[in-house]
Structures are given as C-alpha cells and as structure tokens.
Amino acid sequence: MPREITGTLTGRGLRFAIVVSRFNRTVTSALLEGAVQALQAHEVDDSGIDIVHVPGAFEITLAAERCAATRRYAGIICLGAVVRGETPHFEFIAREVSRGINEIACRHSIPVAFGVLTTDTMEQAFARAGEGHGNKGYEAAVTALEMASLLAQLS
Ligand code: INI
C-alpha cells in the first residue's frame with residue numbers, strides 16, 4: 001500500500017505568528033479575529049500566538065521574513081487587504097506581497113499562509129472577512145495549521 005501523508009489540524013503546543021497590516025483596518029481586524037479564532041479552536045494556546053502589526057500590506061513580507069528567521073514559529077499567517085483604486089499602486093503591492101510570501105515560505109521551509117485579500121472593492125473585501133468560515137483570516141490560519149503538521153511529518 002502506498003503511504004499517504006496528510007497534515008492534521010492539531011495546534012496543541014505550537015507557536016504561530018500572525019502578521020497583520022493596518023491599512024483598511026476595518027477589514028484586517030476582522031481577518032485577525034478570524035485567524036485567532038481558528039488557532040484557538042484548534043487548541044493553540046494564547047501564549048503560542050504572537051500578533052505583529054505593520055502599516056500596510058507592502059510591509060508584511062519584511063516582518064514575516066524576520067519572524068521566519070527566528071525559527072520560533074510552526075507557521076506564519078499573513079493578513080492584509082489590498083483594494084484596487086484608480087492607480088497602479090494596487091498591482092505593485094498585490095504582486096510583491098504574494099510573491100514575497102511564497103519566497104519566504106520556500107526559503108525558510110516554513111508555512112506562510114496567504115491571507116491577504118486583493119479585491120476590486122471594499123464590499124468584496126468585507127464579504128471575505130465575515131463571521132466564521134466566510135473569513136479568509138480563519139482559512140489562512142487553518143491552512144497554516146495543516147501545513148505545519150504536514151511539514152513536521154516530512155522532516
Ligand atoms: N496598503 C494596503 O495594505 N492596502 C491597500 O489597498 C493599499 N493601497 O491601496 O495603497 C496599501 N498601501 C500602502 C502600502 O502597503 C505601504 O504601506 C506604503 O506604500 C508604504 O510602504
């Protein structure tokens with residue numbers, strides 16, 4: 001029989017960093033709430049959750065890189081809200097943060113979950129930052145839990 005390797009969602013004894021940006025704070029604070037809820041629901045102790053605040057989504061990667069370099073965390077959850085305006089600013093920020101997050105994950109071999117919304121409107125952003133499972137912060141935290149467990153099995 002082939003051996004199947006799947007991550008579980010048990011967070012007991014694990015430590016996570018959440019890097020969250022303040023820009024579009026009404027949305028990002030809802031994402032943060034979702035992410036913390038998900039970790040708590042999967043038995044991560046409050047003492048195992050560090051919340052790192054940065055000004056905007058563009059700053060997320062630098063803080064996440066620093067968190068990864070400490071080797072203190074089983075995973076990092078990145079939360080932000082980039083909402084398209086009239087300028088090309090949106091494209092630059094969205095591209096850099098998504099590319100940067102994946103690079104950090106691969107360079108440090110640590111789960112770095114992408115909970116950064118990239119939407120056309122604030123309305124779309126709010127729709128992805130709702131209660132419970134309609135919350136991308138919650139989803140990103142669950143992904144970090146699963147990948148942390150998977151990587152532990154692959155080490
Ligand atoms: N930062 C965001 O997180 N979301 C945005 O929608 C946004 N827009 O539209 O400009 C934004 N800009 C700030 C940026 O992330 C940096 O903080 C800033 O450029 C300073 O480096």
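A few notes on this one:
- Every residue from segment 1-36 that is of a type in the set (S, T, N, Q) and part of a loop (DSSP other than H, G, I, E, B): Thr6, Thr8, Thr10, Asn24
- Condition met for Glu65 (more than 10 Å from the ligand (Cβ to nearest atom), at pLDDT below 95 and not in a loop (DSSP other than H, G, I, E, B)): no
- Failed criterion for Ala152 (all others in (1) crowded, with 21+ Cβ neighbours inside 10 Å; (2) closer than 26 Å to Gln40 by Cβ; (3) aliphatic (A, V, I, L, M) hold): (1)
- Test: His42 is within 24 Å of Gly130 (Cα to Cα), over 12 Å from the mean Cα position of the chain (by Cα) and within 16 Å of the ligand (Cβ to nearest atom): no
- Meeting the requirement of 2 or more residues that are in contact (Cβ under 8 Å) with a residue 24 or more places away in the chain and either touching an Asp or Glu at 6+ places or on another chain (Cβ under 8 Å) or within 22 Å of Ile49 (Cα to Cα) (or both), the helices (runs of 4 or more DSSP H) wholly within segment 79-153 are 89-108, 136-153.
- Condition met for Ile101 (under 12 Å from Ala35 (Cα atoms) and either under 12 Å from the mean Cα position of the chain (by Cα) or not basic (Lys, Arg) (or both)): no
- Here Glu103 clears all of (1) modelled with pLDDT of 95 or more; (2) within 16 Å of the ligand (Cβ to nearest atom) except the condition numbered (2).
- Per-region count, segment 45-62, residues away from the ligand (no atom under 14 Å from the Cβ), of a type in the set (D, E, K, R) and either in a helix (DSSP H, G or I) or in contact with an Asp or Glu (Cβ under 9 Å, 6 or more places away or on another chain) (or both): 1
- So Ser109, is it small (Gly, Ala, Ser) and on the phi > 0 side of the Ramachandran plot: yes
The values are calculated or read from the model by the stated rules, or taken from the named source; none is laboratory data. Every value quoted in this text rests on a predicted model; they were computed, and no experiment measured them. A quick note on method: Cβ atoms are made from the backbone with ideal geometry, for glycine too, and the neighbour counts reach across all protein chains shown.
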